[in-house]
Amino acid sequence: MPYRTIIEPFRIHTVQAIDLPTIEEREAALERAGFNLFGLHADEVIIDLLTDSGTGAMSSEQWAGMMRGDESYAGSRSFFRFEKAVKDLTGFTEVIPTHQGRAAEKILFSVMVSEGDVVPNNTHFDTTRANVEYQGAEAIDLVTASEPSEVLPFKGNMDIAALRASIDQAGVDRVPLVMMTITNNSGGGQPVSMENLRAVRAVCDEYGIPLFLDACRFAENAWFIKIREEGYADRTPKEIAREMFSLADGCTVSAKKDGLVNIGGFLAMNDHETSLQARNLLILTEGFPTYGGLAGYDLEALAQGLEEVLDENYLRYRIRSTEYLADKVSAAGVPIVQPAGGHAIYIDAKAMLPHIPPHEYPAQTLAIELYRNGGVRGVEIGTVMFGRPGVDGAPDEPAAMELVRLAIPRRTYTQSHIDYVAEVVIDVAAGASEMGGYRIVEQAPWLRHFTATFEAIARSK
Ligand SMILES: *Cc1c(COP(=O)(O)O)cnc(C)c1O
């Protein structure tokens, strides 16, 4: 095509109204929610970039699949279509549906991980870390060090020397598996190269440790490999995805991301013995192995989604739409993790709010201001999510980064919605020096970011 504009490769088939709450209504909503954006109601939000998880629009073919799908308990047609789609994509022989990603994690770690074990990952996602720690094991993050502003093609890569060192330190018997998160969600939605996956595989082979992918965004990762890694320009996203999966022994997937569905997930692997234990646990906690906590028709929509997500026109638009937002805000001087991630941009609140220390939650502060000023809901990925509560009144142990993630739902918002978001971000950033931090009023012992409540320490705005 001679034209440079990359268009949304779909037309809008069904619409849902967006409410436009006033600033007074937004202030009241913040008070009610204890300044935790997870506590807002969807109709209090103008543009909802809290997550790209389960928030995308399904296609007409997926809805048609919902109608075609069935709801048998055991052995539904939809299960077999789903199983075939997952096997065709991943090559794994054992396919276990779950209601979402964390259910797959809970089952995998219950079966494979014991107290005192160590699980290396490039960067654990929050539920993944919590599920490892719930087993009494240690979750360690080994992403290659880089500055947030540094533009590198594969900032999700694992540090291979650090992987080796941590296996040696723990002792190989205490490392039941290595995980690689593609793309690296908590590390900025950054991709992992095929070369790095191969290197991790080689270390796992050397020590005899299984490798699992946390493959929620396998298609976005495949696209980045296609456009950034030498030797992949002429390969299809599906061929690249298959090669990625071929380097692993199994995967956990939240299908609410690149599965293009609103609910669903799966666990897949090659080891039959482990899969039997996993299925037994599935029956106890999720449901029979041919539905895993989902309806048959959900599996039908998921099978269709796994196909659609690998379409080149879709992936080109998807990755460009995120980059478009990143280009706009960074051109105005807003510090973000560079380059743009696949599903989100990550604003660097540490750089934007140097006067707010980590234990006063600069990223939470920024997320609150984006909502207060523009009704845009993002999420804190910083010390609230990943820091450790201070003991006996000491300040929290800070997270490595203080980020606000603006995640873009798939096939949901148009370019003018994104233009509006850029305008809000740039306007809020201009008032950064006037913002003051927050303290936590109440918190849960794990995954505190979902339910903690906050109060302002000293806000002059
Ligand atoms: C979303 C996500 C999960 C958890 O999946 P849920 O469906 O939310 O339970 C795990 N890992 C990564 C990388 C994710 O993005």
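The values are calculated or read from the model by the stated rules, or taken from the named source; none is laboratory data. Since the model is a prediction, treat every value here as computed from it, not as a measurement. Here Cβ is always computed from backbone atoms with ideal geometry, including for glycine, and neighbour counts include all displayed protein chains. When the accessible area is computed, the model is the full protein with side chains, heavy atoms only, and any ligands, DNA or RNA have been set aside. Shrake-Rupley method; radii C 1.70, N 1.55, O 1.52, S 1.80 Å.
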Can you tally the net charge around residue 188? Count Lys and Arg as +1, Asp and Glu as -1, for every other residue whose Cβ sits under 9 Å from the Cβ of residue 188. +2
For the chain, the accessible surface attributable to carbon and sulfur atoms (probe 1.4 angstrom, ligands and nucleic acids excluded) amounts in percent to 52
Can you tell me the length gained on complete extension of the stretch residue 246 to residue 165, counting 0.36 nm per residue apart and subtracting the Cα distance? 26.6 nm
Rounded to the nearest 10 Å², the accessible area of residue 397 at probe 1.4 Å: 110
What are the radius of gyration and Dmax of segment 222-371, computed over its Cα atoms and given in Å? 19.9, 55
With label points set 7 Å from each Cα along the Cα-to-Cβ direction at residue 228 and residue 3, the distance between them in nm comes to 2.9
Output ordering of 172-182, 26-36, 215-225 (per-residue mean of other Cβ within 10 Å, highest first) is 215-225, 172-182, 26-36
Label point at residue 312 placed 7 Å out along Cα→Cβ; residues across segment 1-37 whose backbone nitrogen lies under 18 Å: 1-10
Just to be sure I follow: if Rg is taken over the C-alpha atoms of segment 374-461 and Rh is the Kirkwood radius over the same atoms, what is Rg/Rh? 1.02
Whole-number accessible area per residue in Å² for the chain, which is evaluated in the context of all protein chains at 1.4 Å: 41
Provide the FRET efficiency to the nearest 0.05 for the residue 152-residue 239 pair, computing r from the beta carbons and using R0 = 35 Å. 0.90
Rounded to the nearest 5, the percent of antiparallel DSSP beta bridges in segment 60-308 equals 50
Taking R0 as 22 Å, what FRET efficiency do you get between residue 145 and residue 448 from their Cβ-Cβ distance, rounded to the nearest 0.05? 0.25
State the extension gain, in nm to one decimal, for the chain segment bounded by residue 68 and residue 427, taking 0.36 nm per residue of separation less the distance between their alpha-carbons. 124.5 nm
Please list, in order, the residues from segment 239-276 whose amide nitrogen is less than 16 Å from a point placed 7 Å along the Cα→Cβ vector of residue 13. 260-262
Could you work out the helix-only [θ] at 222 nm for the chain, with each DSSP H run of four or more residues adding -39,500 (n - 2.57) and the total divided by the number of residues, to the nearest 500 deg cm²/dmol? -12000 deg cm²/dmol
Karplus (6.51, -1.76, 1.60) ³J(HN,Hα), θ = phi - 60°, over segment 6-20, in Hz, Gly and Pro reported as x: 8, 8, 4, x, 6, 10, 7, 10, 9, 10, 10, 5, 9, 6, 10
Which of the lysines could a cross-linker bridge to residue 257, judged by Cα under 19 Å and excluding same-chain residues fewer than eight apart? 87, 106, 238
Quick one: in segment 77-221, what % of C-alpha pairs are over 23 Å apart? 36
Candidate lysines - alpha carbon under 16 Å from residue 155, same-chain residues fewer than 8 apart omitted: 226
Rounded to the nearest 5, what % of DSSP beta bridges with both residues in the chain are antiparallel? 65
Suppose we keep just the alpha-carbon trace of segment 60-308; what are its Rg and Dmax in angstrom? 17.4, 53
Would you mind computing, in nm to one decimal, how far apart the modelled labels at residue 43 and residue 199 are, each placed 7 Å from Cα along Cα→Cβ? 5.2
Alpha carbon Rg of the chain, scaled by the compact-globule rule 2.2 N^0.38 Å: 0.95
